[in-house]
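So the structure is just underneath, and the comments pick up after that.
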Amino acid sequence: MVGLGKSVDNGGEPLTILQDISFSVMPGETVAIVGASGSGKSTLLGLLAGLDVPTAGDVRLEGLTLAKLSEDERALQRGKLLGFVFQSFQLLPSLTALENVMLPLELAGFKASTAAASDWLARVGLAHRLKHYPKHLSGGEQQRVALARAFAPSPRLVLADEPTGNLDAVTGQQIIDLMFELNLKQGTTLILVTHDEAIAARCGRILRIQSGRLV
(Lines give C-alpha, C1' and ligand atoms only; values in the text may rest on other atoms or scores of the structure.)
Protein backbone atom coordinates (compact mmCIF):
# COMPACT_ATOMS: atom_id res chain seq x y z
CA MET A 1 0.00 0.00 0.00
CA VAL A 2 1.17 3.51 -0.80
CA GLY A 3 0.21 6.74 0.97
CA LEU A 4 -2.93 5.20 2.43
CA GLY A 5 -5.30 7.53 4.26
CA LYS A 6 -8.81 7.34 5.63
CA SER A 7 -10.97 10.24 6.79
CA VAL A 8 -14.65 10.37 7.73
CA ASP A 9 -17.11 13.20 8.20
CA ASN A 10 -17.48 14.19 11.84
CA GLY A 11 -20.34 16.65 12.03
CA GLY A 12 -19.12 18.66 9.07
CA GLU A 13 -15.45 18.39 10.05
CA PRO A 14 -13.14 15.73 8.59
CA LEU A 15 -11.83 13.24 11.12
CA THR A 16 -8.56 11.61 10.04
CA ILE A 17 -8.31 7.96 11.09
CA LEU A 18 -5.27 6.94 9.02
CA GLN A 19 -2.67 9.11 7.36
CA ASP A 20 0.12 8.35 4.88
CA ILE A 21 0.45 4.61 5.59
CA SER A 22 2.92 2.87 3.27
CA PHE A 23 4.31 -0.64 3.54
CA SER A 24 4.52 -3.88 1.59
CA VAL A 25 4.21 -7.49 2.67
CA MET A 26 6.03 -10.34 0.98
CA PRO A 27 4.41 -13.74 0.27
CA GLY A 28 4.65 -16.03 3.28
CA GLU A 29 5.51 -13.21 5.67
CA THR A 30 3.89 -12.86 9.10
CA VAL A 31 3.23 -9.25 10.15
CA ALA A 32 1.73 -7.91 13.37
CA ILE A 33 0.00 -4.53 13.48
CA VAL A 34 -0.01 -3.17 17.02
CA GLY A 35 -1.23 0.02 18.63
CA ALA A 36 -3.50 1.41 21.30
CA SER A 37 -7.27 1.20 21.06
CA GLY A 38 -8.51 3.77 18.55
CA SER A 39 -5.17 4.04 16.75
CA GLY A 40 -6.65 2.83 13.45
CA LYS A 41 -5.56 -0.83 13.43
CA SER A 42 -8.93 -2.35 12.54
CA THR A 43 -9.65 0.39 10.00
CA LEU A 44 -6.36 -0.47 8.31
CA LEU A 45 -7.27 -4.15 8.22
CA GLY A 46 -10.64 -3.30 6.66
CA LEU A 47 -8.90 -1.31 3.94
CA LEU A 48 -6.47 -4.15 3.28
CA ALA A 49 -9.43 -6.49 2.83
CA GLY A 50 -11.28 -4.15 0.51
CA LEU A 51 -14.16 -3.96 2.98
CA ASP A 52 -13.74 -0.18 2.87
CA VAL A 53 -12.07 2.21 0.42
CA PRO A 54 -9.40 4.76 1.33
CA THR A 55 -9.77 8.50 0.92
CA ALA A 56 -6.12 8.70 -0.15
CA GLY A 57 -3.55 6.29 -1.52
CA ASP A 58 -3.89 2.77 -2.87
CA VAL A 59 -4.10 -0.79 -1.61
CA ARG A 60 -2.61 -3.21 -4.12
CA LEU A 61 -3.30 -6.91 -3.80
CA GLU A 62 -1.93 -9.40 -6.29
CA GLY A 63 -1.38 -6.56 -8.76
CA LEU A 64 -4.90 -5.17 -8.36
CA THR A 65 -5.67 -1.68 -7.04
CA LEU A 66 -8.66 -2.36 -4.81
CA ALA A 67 -10.07 1.18 -4.94
CA LYS A 68 -10.48 0.84 -8.72
CA LEU A 69 -12.68 -2.23 -8.37
CA SER A 70 -16.43 -2.20 -7.81
CA GLU A 71 -17.84 -3.52 -4.56
CA ASP A 72 -18.79 -6.79 -6.29
CA GLU A 73 -15.33 -7.11 -7.81
CA ARG A 74 -13.70 -6.55 -4.41
CA ALA A 75 -15.96 -9.21 -2.91
CA LEU A 76 -14.93 -11.63 -5.66
CA GLN A 77 -11.24 -11.02 -4.97
CA ARG A 78 -11.77 -11.47 -1.21
CA GLY A 79 -13.32 -14.87 -1.87
CA LYS A 80 -10.38 -15.91 -4.04
CA LEU A 81 -7.46 -14.50 -2.08
CA LEU A 82 -8.34 -13.81 1.55
CA GLY A 83 -9.23 -15.61 4.75
CA PHE A 84 -10.49 -13.84 7.89
CA VAL A 85 -10.34 -14.48 11.62
CA PHE A 86 -12.33 -12.05 13.77
CA GLN A 87 -12.37 -11.30 17.49
CA SER A 88 -16.11 -12.02 17.61
CA PHE A 89 -15.78 -15.21 15.48
CA GLN A 90 -18.45 -14.06 12.96
CA LEU A 91 -19.86 -17.53 12.42
CA LEU A 92 -23.30 -17.74 10.83
CA PRO A 93 -25.63 -18.84 13.66
CA SER A 94 -28.04 -20.69 11.37
CA LEU A 95 -25.28 -22.94 10.00
CA THR A 96 -23.54 -25.85 11.69
CA ALA A 97 -19.78 -25.87 12.19
CA LEU A 98 -19.45 -28.00 9.07
CA GLU A 99 -21.66 -25.68 7.01
CA ASN A 100 -19.77 -22.59 8.20
CA VAL A 101 -16.52 -24.06 6.87
CA MET A 102 -18.17 -25.36 3.69
CA LEU A 103 -19.54 -21.93 2.75
CA PRO A 104 -16.29 -20.25 1.58
CA LEU A 105 -15.24 -23.48 -0.12
CA GLU A 106 -18.47 -23.55 -2.13
CA LEU A 107 -18.15 -19.86 -2.98
CA ALA A 108 -14.62 -20.56 -4.23
CA GLY A 109 -15.89 -23.39 -6.42
CA PHE A 110 -14.60 -26.41 -4.47
CA LYS A 111 -16.51 -29.50 -5.63
CA ALA A 112 -15.78 -31.72 -2.59
CA SER A 113 -16.60 -29.04 -0.04
CA THR A 114 -18.14 -31.41 2.53
CA ALA A 115 -15.09 -33.65 2.66
CA ALA A 116 -12.68 -30.72 2.70
CA ALA A 117 -14.58 -28.93 5.47
CA SER A 118 -14.75 -32.15 7.54
CA ASP A 119 -11.00 -32.60 7.13
CA TRP A 120 -10.29 -29.04 8.25
CA LEU A 121 -12.48 -29.33 11.31
CA ALA A 122 -10.62 -32.52 12.21
CA ARG A 123 -7.33 -30.64 11.82
CA VAL A 124 -8.46 -28.07 14.40
CA GLY A 125 -9.67 -30.78 16.80
CA LEU A 126 -13.40 -30.56 16.11
CA ALA A 127 -14.16 -33.77 14.24
CA HIS A 128 -16.77 -34.52 16.93
CA ARG A 129 -18.51 -31.14 16.52
CA LEU A 130 -19.42 -31.10 12.82
CA LYS A 131 -23.18 -30.88 13.32
CA HIS A 132 -23.14 -28.42 16.23
CA TYR A 133 -24.40 -24.86 15.81
CA PRO A 134 -22.30 -21.92 17.09
CA LYS A 135 -24.56 -21.37 20.11
CA HIS A 136 -23.67 -24.88 21.30
CA LEU A 137 -19.91 -24.30 20.98
CA SER A 138 -17.58 -22.65 23.47
CA GLY A 139 -15.70 -19.49 22.49
CA GLY A 140 -12.54 -21.48 21.85
CA GLU A 141 -14.42 -23.98 19.71
CA GLN A 142 -16.05 -21.19 17.71
CA GLN A 143 -12.64 -19.66 17.02
CA ARG A 144 -11.33 -23.07 15.92
CA VAL A 145 -14.20 -23.23 13.43
CA ALA A 146 -13.27 -19.71 12.30
CA LEU A 147 -9.65 -20.81 11.78
CA ALA A 148 -10.76 -23.80 9.73
CA ARG A 149 -13.05 -21.54 7.69
CA ALA A 150 -10.23 -19.04 7.06
CA PHE A 151 -7.60 -21.56 5.96
CA ALA A 152 -9.77 -24.15 4.17
CA PRO A 153 -9.93 -22.40 0.74
CA SER A 154 -6.08 -22.06 0.73
CA PRO A 155 -6.07 -18.24 0.66
CA ARG A 156 -2.96 -16.30 -0.24
CA LEU A 157 -3.46 -13.98 2.73
CA VAL A 158 -5.13 -14.42 6.13
CA LEU A 159 -6.18 -11.32 8.07
CA ALA A 160 -6.73 -11.75 11.80
CA ASP A 161 -8.27 -9.01 13.95
CA GLU A 162 -7.62 -9.54 17.70
CA PRO A 163 -8.32 -13.30 17.36
CA THR A 164 -7.93 -13.93 21.11
CA GLY A 165 -9.80 -10.82 22.30
CA ASN A 166 -12.90 -12.73 23.47
CA LEU A 167 -11.05 -15.71 24.94
CA ASP A 168 -9.47 -16.48 28.29
CA ALA A 169 -5.67 -16.60 28.48
CA VAL A 170 -5.28 -20.38 28.24
CA THR A 171 -7.75 -20.79 25.38
CA GLY A 172 -6.28 -17.75 23.62
CA GLN A 173 -2.81 -19.28 23.76
CA GLN A 174 -4.12 -22.51 22.26
CA ILE A 175 -5.79 -20.60 19.42
CA ILE A 176 -2.66 -18.59 18.65
CA ASP A 177 -0.51 -21.73 18.66
CA LEU A 178 -2.97 -23.38 16.27
CA MET A 179 -3.16 -20.35 13.99
CA PHE A 180 0.62 -20.12 13.60
CA GLU A 181 0.85 -23.89 13.09
CA LEU A 182 -1.76 -23.80 10.31
CA ASN A 183 -0.15 -20.74 8.77
CA LEU A 184 3.29 -22.37 8.70
CA LYS A 185 1.98 -25.59 7.14
CA GLN A 186 0.00 -23.72 4.48
CA GLY A 187 2.70 -21.16 3.70
CA THR A 188 0.07 -18.43 3.95
CA THR A 189 0.83 -14.73 4.38
CA LEU A 190 -0.54 -13.57 7.74
CA ILE A 191 -1.36 -10.03 8.88
CA LEU A 192 -2.42 -9.96 12.52
CA VAL A 193 -3.90 -7.04 14.47
CA THR A 194 -3.25 -7.38 18.18
CA HIS A 195 -2.59 -5.39 21.34
CA ASP A 196 -0.69 -8.35 22.84
CA GLU A 197 3.06 -7.82 22.55
CA ALA A 198 3.78 -11.52 23.18
CA ILE A 199 1.62 -12.50 20.21
CA ALA A 200 3.12 -9.76 18.04
CA ALA A 201 6.62 -10.99 18.87
CA ARG A 202 5.84 -14.32 17.21
CA CYS A 203 5.47 -12.56 13.84
CA GLY A 204 8.38 -11.90 11.55
CA ARG A 205 7.74 -8.15 11.59
CA ILE A 206 5.87 -5.68 13.77
CA LEU A 207 4.26 -2.48 12.48
CA ARG A 208 3.23 0.06 15.12
CA ILE A 209 0.41 2.55 14.60
CA GLN A 210 0.00 5.64 16.74
CA SER A 211 -2.76 8.18 16.08
CA GLY A 212 -3.28 6.86 12.56
CA ARG A 213 0.38 6.89 11.52
CA LEU A 214 3.09 4.26 11.31
CA VAL A 215 5.78 4.99 13.91
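The overall shape of region 19-62, judged from the alpha-carbon gyration tensor, is oblate: a/c is not under 1.5, and a/b is no greater than b/c. Which distance in Å, rounded to a whole number, links the C-alpha centroids of region 40-112 and region 166-204? What the calculation gives is 19 Å, centre to centre. Partner lysines whose Cα lies under 23 Å from the Cα of residue 80, excluding those fewer than 8 positions away in the same chain, are identified as 68, 111, 185.
Could you give the accessible area per residue of the chain, probe 1.4 Å, as a whole number in Å²?
49
Give the percent of DSSP beta bridges with both residues in the chain that are antiparallel, rounded to the nearest 5.
Around 40 percent antiparallel, to the nearest 5.
Counting Lys and Arg as +1 and Asp and Glu as -1 over every other residue whose Cβ lies under 15 Å from the Cβ of residue 4, the net charge comes to +2.
Between helix 113-123 and the chain there is an angle of about 90 degrees, using the helix long axis and the longest principal axis of the Cα atoms. Note on surface exposure: 168, 72 rank 72, 168 by accessible area, highest first, 1.4 Å probe. What does the C-alpha gyration tensor say about the overall shape of region 47-104? Classify as rounded when a/c is under 1.5, otherwise prolate if a/b is larger than b/c, or oblate. Judged from the Cα gyration tensor, region 47-104 comes out prolate (a/c at least 1.5, a/b above b/c).
Report the residues of region 188-215 in range of a label on residue 15: point 7 Å along Cα→C-beta, backbone N strictly under 17 Å from it. Within reach of a label on residue 15, which here means backbone N under 17 Å from a point 7 Å along Cα→Cβ, region 188-215 contributes 211-213.
State whether the chain is rounded, prolate or oblate according to the following rule on the C-alpha gyration tensor (a ≥ b ≥ c being the square roots of its eigenvalues): a/c under 1.5 gives rounded; otherwise a/b larger than b/c gives prolate, and the remaining case gives oblate. Cα axes put the chain in the prolate bin. The order of 131, 6, 80 by accessible area, most exposed first and with a 1.4 Å probe, is 131, 80, 6. By how many degrees, 0 to 90 and rounded to 10, does the Cα axis of helix 97-107 deviate from the longest principal axis of the chain? Tilt of helix 97-107: around 60 degrees.
Annotation: lysines with alpha-carbon distance below 21 angstrom to residue 41 (same-chain offsets under eight excluded): 6.
When only C-alpha pairs under 8 Å and at least 6 residues apart count, what is the relative contact order of region 58-215, in percent?
Values: 202 pairs, mean separation 37.5, N = 158.
Averaging sequence separation for qualifying contacts and normalising by length gives 24 percent for region 58-215.
First select every other residue whose beta carbon is under 9 angstrom from the beta carbon of residue 162; then total the charges, Lys and Arg +1, Asp and Glu -1.
So the surrounding residues net to -1.
Which of these, 204, 83, 140, has the largest mean-square fluctuation under a Gaussian network model of the chain (Cα springs below 10 Å)? Maximum among the listed residues: 204.
The values are calculated or read from the model by the stated rules, or taken from the named source; none is laboratory data. These numbers were taken from a predicted model, which means no experiment stands behind them. Note that we place each Cβ from the backbone using ideal geometry, even for glycine, and neighbour counts take in every protein chain shown. Accessible surface is based on the protein model in full, side chains and every heavy atom, while ligands, DNA and RNA are left aside. Shrake-Rupley method; radii C 1.70, N 1.55, O 1.52, S 1.80 Å.
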